[in-house]
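Below is one structure, written out as structure tokens, with a few remarks after it.
The values are calculated or read from the model by the stated rules, or taken from the named source; none is laboratory data. Keep in mind it's a predicted model, so treat the numbers as computed, not measured. Glycine also receives a Cβ, built like all others from the backbone with ideal geometry; neighbour counts cover every protein chain displayed. For accessibility, only protein heavy atoms count, side chains too; no ligands or nucleic acids. Shrake-Rupley method; radii C 1.70, N 1.55, O 1.52, S 1.80 Å.
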Amino acid sequence: MIQQNIKILICLAISSFFWSCERAPELPSKPEIGFESISFEERQGQQDVIRLSITFKDNEGDLGLNARETDFPFHQNTFYNSANGQPVYNLEKFGGRLLQLGDAPVANAPTLPPYDFSNSRPEGDCANYLLFRSNTGEDGAATSIDTVYYEQNPNQYNIFVDFYRRRSGEWEFYNARRELCSEFHGRFFHLNTSSEQKPLEGTLTYNIESNGFRVLFGRESDTLMLKIRINDRALNTSNEIETPPFVLNDIRINTNETE
């Protein structure tokens, strides 16, 4: 059982990029990416990091999402109104009751899946349900817990990283959402900060930070492979690329351990 305090943090650095407005557009409207490098760094007093570098090309240069872009279609989660089954994208603007576990079928709403009791995380079945606690008691204790159905919106991210482990000769997807209530996906910021569309190409370096990589994937028999893709703001999805197969020790660039 993976420790529940493992937390995946995601950040991104731009290694290099450039644009040109003097030449005729010759890059694709749909982003194109390519694999450049991957490394694993163990850091004293900090979280360890898997550092992934990819090349990118895009004709319009509409790559990147800022922290304020949280409305549809870049919202985090989709909930449903229990009264009429209509989707709810922003809880701050909604004053009704959300569809919950145990509710009778509602027209226009999805059929509620069963609750997954196979994991003992405090978050519960975070693949389908979120626990909403109402702290209305005078002592501040939770007086009610609502198990609310939700659908995670993939468009909240613009870079997608899926981990695969080799098992009996086959690649097996590691479902971080189910196992950790987290993701390896993330956002990178706007690469073109001007008001004009510009062809853009360069290199992105994407850092996935965690204290849990050794726990999750640290055995010598754990051969890994990552699949990566990106979105632009028009929700065009790039080609999907794969890293070469690797084990953590083979891509390690340093260690906290005394040799």
> In region 177-211, which residue that is closer than 20 Å to Asn231 by Cα and aliphatic (A, V, I, L, M) is farthest from the chain's Cα centre (by Cα)?
Replying inline: Leu200
> Pick from Gly186, Gly169: which is surrounded by fewer than 16 Cβ atoms within 10 Å (Cβ to Cβ) and of a type in the set (Gly, Ala, Ser)?
Replying inline: Gly169
>> I'm trying to understand the selection: among the residues of region 90-119, which are among the basic types (Lys, Arg) and in contact (Cβ under 8 Å) with a residue 12 or more places away in the chain?
In response: Arg97
> Leu131 passes all but one of (1) part of a loop (DSSP other than H, G, I, E, B); (2) within 15 Å of Ile145 (Cβ to Cβ); (3) not β-branched (Val, Ile, Thr); which number fails?
Replying inline: (1)
>> With the requirement that a residue be in contact with a Pro (Cβ under 7 Å, 6 or more places away or on another chain) and within 24 Å of Pro73 (Cβ to Cβ), what does region 200-245 give you?
In response: Ile230, Asp232, Leu235, Asn236, Ser238
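Based on what the data block shows, is Asn119 at pLDDT 90 or above, open to solvent by less than 30 Å² (accessible area, probe 1.4 Å) and out of contact with any Phe, Trp or Tyr (no Cβ under 6 Å at 6 or more places or on another chain)?
no
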